[in-house]
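First up is the structure itself, then whatever we jot down about it.
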Amino acid sequence: MNKQSRQFAIKQIITHQVITSQDDLCRALKKAGFDVTQATLSRDFKELGIARVNAEEGVRYVLHTESEERRLKPFIGYEVERIDANESVIVIKTLPGRAQGVAEIIDSMHLPSILGTIAGDNTIFITPSSVEKTGEVLKLLRKFMMGPQQRVA
């Protein structure tokens, strides 16, 4: 299994389970079909921005979403062709085959102003948490996806 699949599995495990040590993560990854060393995990942690933090349930590993967003931000702007909205739904048009990846990045931001996303091949529907939040979400998405060369309508 490749690095991308392994790192995706790490993100999924850390997001959905309380992982308190690298040994715990190694066991969870092994269950998922990935045999990794501690050195590989350390490199993956650094690349993914995973940190060990104190939480209510004790010390655990978490995915630092700011570092993930910062790492991906330069790329997703190139995937987006257009962003439109009405009073209650935001629609993002992407290059063919890119909508699901962009939607996953939006979902990973865990924005309280976004209720959810639905992605097809080149179209994403985003539902704000309320009609009043539509403009705020639209502005945030445009800012997030605009790079220096991008032109988003």
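The values are calculated or read from the model by the stated rules, or taken from the named source; none is laboratory data. Not measured: the values here are computed from a predicted model. Every residue, glycine among them, receives a Cβ derived from its backbone with ideal geometry; neighbour counts consider all protein chains shown.
General remarks:
- The number of residues in region 88-120 being small (Gly, Ala, Ser), surrounded by 14 or more Cβ atoms within 10 Å (Cβ to Cβ) and assigned to a strand (DSSP E or B) comes to 1.
- Among the criteria (1) charged (D, E, K, R); (2) touching a Leu at 6+ places or on another chain (Cβ under 6 Å); (3) at pLDDT below 85, the one GLU79 does not fulfil is (3).
- ALA153 among the hydrophobic types (A, V, I, L, M, F, W, C), over 13 Å from the mean Cα position of the chain (by Cα) and at pLDDT 95 or above: no
- When ASN2 is tested against (1) at pLDDT below 85; (2) surrounded by fewer than 13 Cβ atoms within 10 Å (Cβ to Cβ); (3) polar (S, T, N, Q); (4) touching a Ser or Thr at 6+ places or on another chain (Cβ under 8 Å), only condition (4) is not met.
- Each residue in region 121-135 was checked for being over 18 Å from the mean Cα position of the chain (by Cα) and surrounded by 15 or more Cβ atoms within 10 Å (Cβ to Cβ), and 3 pass.
- Every listed requirement among (1) assigned to a helix (DSSP H, G or I); (2) modelled with pLDDT under 85 is met by ARG52 save one, (1).
- Consider region 5-34 and keep the residues that are part of a loop (DSSP other than H, G, I, E, B) and either in the same structural domain as ILE105 (by TED's automatic domain parsing) or free of Cβ contacts under 8 Å to residues at least 24 places away in the same chain (or both). The one that is nearest to ILE105 (Cα to Cα) is GLN17.
- Condition met for GLU56 (in contact with a helix residue (DSSP H, G or I) (Cβ under 9 Å, 6 or more places away or on another chain) and of a type in the set (D, E, K, R)): no
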